[in-house]
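Here is the structure we will look at, set down as structure tokens.
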Amino acid sequence: MPSGRDPRRAFLLDLLEAALAAVNGRARMNLALRDRPRRDTWVLAAGKAAGAMTLGAIDALGPYVTRALVVTRADCVAPELTGMPGLRCHVAAHPVPDERSLAAGEAALSMARAAPPGQRVLLLVSGGASSLLEAPARGVSLEQLRRVNEWALASGVDIGRINAIRGALSRVKAGGLVRAFAHCDVEAFFISDVPGDDPAVVGSGLLASRGRPLPPAGDLPAWLGGLLERASRTEGQPLQVPILCVGRLGEALEAARRRAEAGGIRAVLHERRLDGEAGAAARMACAHLAADGPALHLFGGETTVVLPPEPGRGGRNQHLALAAAMEIDGCDDRLLLAFGTDGSDGNTEDAGAFADGCTLDRGRDAGLDAPACLARADSGRFLEATGDLVHTGATGTNVGDLLFALRREPGHSQVGGLSM
């Protein structure tokens, strides 16, 4: 049954709303700053939640925010920021940098050069900043940076090593952005979409550096090893500044759990972070539904999809939802929702999708084959035809992905206080 007609879907969307509210960038920044001293403040924000975080700083500090630079994606620009005095919104590219990303990097470094000694500066970073804000090291071109990012997206190399590579090729990553403001009074805040909530990983270390070693040359393509040897980057001494995480995945999951239990639903929050191949994650979640009886299972993390040479339309959450639909086909007591908390999923404008026991039937009625769509990474086309896609637009946060898996009592007439 398409979204909006099934009370179970309304229930899961209500849980999602609670989860997103718990980590909203605007609300969390307002809370973090509302008791801070009022004095002249500059703000530099980068990432998918940059606009929301900046609005939160303005909510808390009002006219004391006299200058701000917000670097984000076009669909994440908060309308309230447009035309605000002293504030500049810079739209750049994600997930692969482009000329606008380099312009954003130069704008950030120019802001640092213009700041007088002792100027209070707030650095606000969220996921997506790696490609949105960049300043290549000497000897590194945009084309080379794009090639590195495209290789990283498809390589399977862990994020720590990828960030070490990005840092070696950049003047702003691996703590470089913070060092540019060394003469200022800097505080840093971030919303985490990474395991361990490490500020040296978010945005490839715009706020901090852990000095991770580069992968051995033998583990890298020859062109990349040569590029790292030629890159000229002055690292300098690490600069320690106060850093506070204002939004993390666990807080979103806990908010959803509390909302579910307040509605009388048994909720199981799984501590292990969701990762690995999206289809395998779907099978794992469906196995919990099959084994555990009536309950809501809550998962969070970020999965991956190996793309074919010419992928179709979709993203990791849509892929997961379609793979789950294959597992629960014919089970009318089961429903899943897979969702990207930033409001986007893969190469689509959708944030994720539902899957239930009739999703495959609706797809067959539309003349579509689920295994074939999965093989082509074309889950979005299938789920659009079945009415299972979820679209929210930008959410003002980015803490990774959420997966809610619900099994209700057979014949039960209510879920979370909603009539079935």
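The values are calculated or read from the model by the stated rules, or taken from the named source; none is laboratory data. None of these values were measured; they are calculated from a predicted model. Ideal geometry is used to build each Cβ from the backbone, glycine not excepted, and the neighbour counts take in all protein chains shown.
With respect to the numbered conditions (1) of a type outside the set (A, V, I, L, M, F, W, C); (2) within 23 Å of residue 146 (Cβ to Cβ); (3) modelled with pLDDT of 95 or more, which one is the sole condition not fulfilled by residue 119?
The single condition residue 119 does not satisfy is (2).
Whether any residue in segment 189-201 is over 27 Å from residue 300 (Cβ atoms), surrounded by 19 or more Cβ atoms within 10 Å (Cβ to Cβ), within 25 Å of the chain's Cα centre (by Cα) and at pLDDT 85 or above is what I want to check.
no
Could we say that residue 417 is at pLDDT below 95 and not hydroxyl-bearing (Ser, Thr, Tyr) here?
Yes: the conditions hold for residue 417.
Of the residues that make up segment 129-142, is at least one touching a His at 6+ places or on another chain (Cβ under 7 Å), surrounded by fewer than 22 Cβ atoms within 10 Å (Cβ to Cβ) and closer than 21 Å to residue 28 by Cβ?
No, segment 129-142 contains no residue that is touching a His at 6+ places or on another chain (Cβ under 7 Å), surrounded by fewer than 22 Cβ atoms within 10 Å (Cβ to Cβ) and closer than 21 Å to residue 28 by Cβ.
Of everything in segment 347-357 that's under 26 Å from residue 294 (Cβ atoms) and assigned to a strand (DSSP E or B), which residue is farthest from the chain's Cα centre (by Cα)?
Out of the qualifying residues, it is 356.
Condition first: surrounded by fewer than 18 Cβ atoms within 10 Å (Cβ to Cβ) and out of contact with any strand residue (DSSP E or B) (no Cβ under 8 Å at 6 or more places or on another chain). Now tell me which residues in segment 174-188 satisfy that.
The answer is 182, 183.
Could you pull out the residue among 16, 69, 55, 61 that is part of a helix (DSSP H, G or I), farther than 21 Å from residue 192 by Cβ and of a type in the set (A, V, I, L, M, F, W, C)?
61
Can you tell me which residues in segment 372-383 are touching a residue at least 12 places away in the same chain (Cβ under 8 Å), over 19 Å from residue 285 (Cβ atoms) and either not assigned by TED's automatic domain parsing to the domain that holds residue 302 or not in a loop (DSSP other than H, G, I, E, B) (or both)?
Matches in segment 372-383: 373, 375, 380, 381.
Is it the case that some residue within segment 71-80 is touching a Phe, Trp or Tyr at 6+ places or on another chain (Cβ under 8 Å) and either surrounded by fewer than 22 Cβ atoms within 10 Å (Cβ to Cβ) or outside the structural domain of residue 398 (by TED's automatic domain parsing) (or both)?
So far as segment 71-80 goes, no, none of its residues is touching a Phe, Trp or Tyr at 6+ places or on another chain (Cβ under 8 Å) and either surrounded by fewer than 22 Cβ atoms within 10 Å (Cβ to Cβ) or outside the structural domain of residue 398 (by TED's automatic domain parsing) (or both).
Output the residues belonging to segment 261-280 that are within 13 Å of residue 404 (Cβ to Cβ) and either among the aliphatic types (A, V, I, L, M) or exposed (fewer than 15 other Cβ atoms within 10 Å of the Cβ) (or both).
Hits for segment 261-280 are 265, 267, 268, 269, 274.
Inside segment 350-376, can you point out the residues that are farther than 16 Å from residue 338 by Cα and buried (at least 21 other Cβ atoms within 10 Å of the Cβ)?
Hits for segment 350-376 are 360, 363, 373.
Consider residue 396 carefully, then state whether it is in a loop (DSSP other than H, G, I, E, B) and crowded, with 23+ Cβ neighbours inside 10 Å.
yes
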